[in-house]
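S.K.: Quick one: structure below, then a few questions.
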Amino acid sequence: MRKHNASLTLPLGLLTVFLAGLMIPGCKQAVNQGPRGKIVIYTSMYEDIIAAIDKALEQEFPSCDIEFVYGGTGAIQTKVAAEQKTGKLGCDMLMVAEPAYSLELKEHKVLHPYLSKEAVNLDFDYDPEGYWMPVRISNMVLAYNPEYTDKSSIPRSFYDFAFDEGVQGRISMSNPLTSGTAIAAVTALREAYGYEYFEALGRQKVNVEASSTALAKLERGEYQAIMILEESVLKKQEETGSKVEVIYPSDGTIIVPSTIMTIHETWSANHNLAAAEAITDWFLSEKGQANIVAGWMHSVRAHFAALPYHAIPTSQIRAHSMPVNWETCYREREEIRAQFIKALKGE
């Protein structure tokens, strides 16, 4: 039985409840014994999705002891920063929400370059030397509940989400201090609309909270609209039959390619590069990406036919998206967070 580590116990808001995994079809037996030894992966992916993927990995790599440690991207950043001071990390791989953190770790020489054999099949940008690769696509969208709200009366763009006074006090979003996808989103929105956008959110009295909390309140009719990841809504629709619907914003969906990285052997916990490289190849393969799509996220592969439950085509989302400057998201992360908090406090 594979052993799972507890969620990170850090002050920046963590995932703490371990949910039973769903079985992913198409992973009936291991192809070969593959790499051996232990691998620890720090990840911000939802715990129940990782639990399902872990089952597939266990079948694919039966001789490798793969352990996932869960936490929000902010918590992972704090943990890694603390471990860097000791000269050794507690992990061998990272799977975080967005590329900006990958740029930081590459600059600090924490990462091992590995250009996966699957790179030729990718449809999204990756580090040319292989320091980081996209592994899943999350999309920041809006959502509403047609059981309580008429679609014509609510914001259908990110701009109106902040500037339409008709929804004041009845909107919600995730916290960019703890969520990698949230910091990606507010970086893109600042680039599009300036810091005035943050000030408008403050005047709107936007609620900043976990997406699961916001989604539950939307289902009860407490909110008129929320800014949330597409996958959270699709998951709720499929698992519970929820009537909540995705709105792909008219000013562009914010696409967030989450990354997979291998830690340099100098820093890694278990010095098992062979296993890390094999696991990277699996995640980017058709089989690995089938597991990603079953987890309500979009594939990073070109010409990948499968889509998440009830999602529109990836190509359609990409054709009308709001860009994120990942270098800005890295270099100006703390300033953007500080300005966001200042604006919400009305300062």
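What follows is calculated from the coordinates using simple rules that are stated; it is not laboratory data. Everything numeric here is computed off the predicted structure, so don't read it as measured data. Cβ: placed from backbone, ideal geometry, glycine included. Neighbour counts: every protein chain shown.
S.K.: For Tyr144, list long-range residues whose amide hydrogen, built 1.01 Å from N in the peptide plane, is under 5 Å from its own amide hydrogen.
M.R.: Glu245, Ile247
S.K.: If you take every residue apart from Glu118 with its C-beta less than 13 Å away from the C-beta of Glu118, what net charge results, scoring Lys and Arg +1 and Asp and Glu -1?
M.R.: My count for the surroundings of Glu118 gives -1.
S.K.: So, one more: If I stretch the segment between Lys345 and Arg318 completely, what's the gain in nm (0.36 nm per residue apart, minus their alpha carbon distance), one decimal?
M.R.: 6.3 nm is the gain from fully extending Lys345 to Arg318.
S.K.: Excluding residues on the same chain fewer than 8 positions from Lys342, give the lysines whose Cα lies under 28 Å from its Cα.
M.R.: By straight Cα distance, Lys342 reaches Lys79, Lys205, Lys217.
S.K.: Next up: Specify which residue in the list Leu122, Leu344, Tyr197 is farthest towards the positive end of the charge dipole of the chain, using unit charges on the beta carbon of Lys, Arg (+1) and Asp, Glu (-1), about the Cα centre.
M.R.: Farthest towards the positive pole: Leu344.
S.K.: Enumerate the amide H contacts of Phe68 below 5 Å, restricted to partners 5 or more residues apart or on another chain; note that Pro and chain-start residues carry no placed amide H.
M.R.: Here Asn5, Ile41 satisfy the definition.
S.K.: How high is the relative contact order of region 197-347? Use alpha-carbon pairs under 8 Å, at least six apart in sequence, and give a whole percent.
M.R.: 34 percent
S.K.: Something else about it: What are the ³J(HN,Hα) couplings of region 168-174, residue after residue, when phi is run through the Karplus curve with 6.51, -1.76, 1.60 and θ = phi - 60°? Round to Hz, x for glycine and proline.
M.R.: With coefficients 6.51, -1.76 and 1.60, one gets 3, x, 10, 10, 8, 8, 7 Hz.
S.K.: Residue-wise, which Karplus ³J(HN,Hα) couplings in Hz belong to region 276-283, taking 6.51 cos²θ - 1.76 cosθ + 1.60, θ = phi - 60°, and x for glycine or proline?
M.R.: For region 276-283, the Karplus curve yields 4, 5, 5, 5, 4, 4, 5, 4 Hz.
S.K.: Under 5 Å between amide hydrogens, which residues at least 5 positions from Lys38 or on another chain qualify, with H placed 1.01 Å from N in the peptide plane?
M.R.: Asp65
S.K.: Rounded to the nearest 5, what % of DSSP beta bridges with both residues in the chain are antiparallel?
M.R.: Here the antiparallel bridges make up roughly 60 percent for the chain.
S.K.: Please work out whether the chain counts as rounded, prolate or oblate from its C-alpha gyration tensor, where a ≥ b ≥ c are the square roots of the eigenvalues and a/c under 1.5 means rounded, while otherwise a/b larger than b/c means prolate and anything else oblate?
M.R.: Prolate shape, in that a/c is at least 1.5 and a/b is the bigger ratio.
S.K.: Whole-Hz ³J(HN,Hα) for each residue in region 340-345, computed from phi via Karplus 6.51 cos²θ - 1.76 cosθ + 1.60 with θ = phi - 60°, x for glycine and proline: what do you get?
M.R.: 5, 5, 4, 5, 5, 7
S.K.: Based solely on its DSSP helices, what 222 nm [θ] is calculated for the chain when runs of n ≥ 4 H residues each add -39,500 (n - 2.57) and the sum is averaged over all residues, nearest 500 deg cm²/dmol?
M.R.: Result for the chain: -11000 deg cm²/dmol, rounded to the nearest 500.
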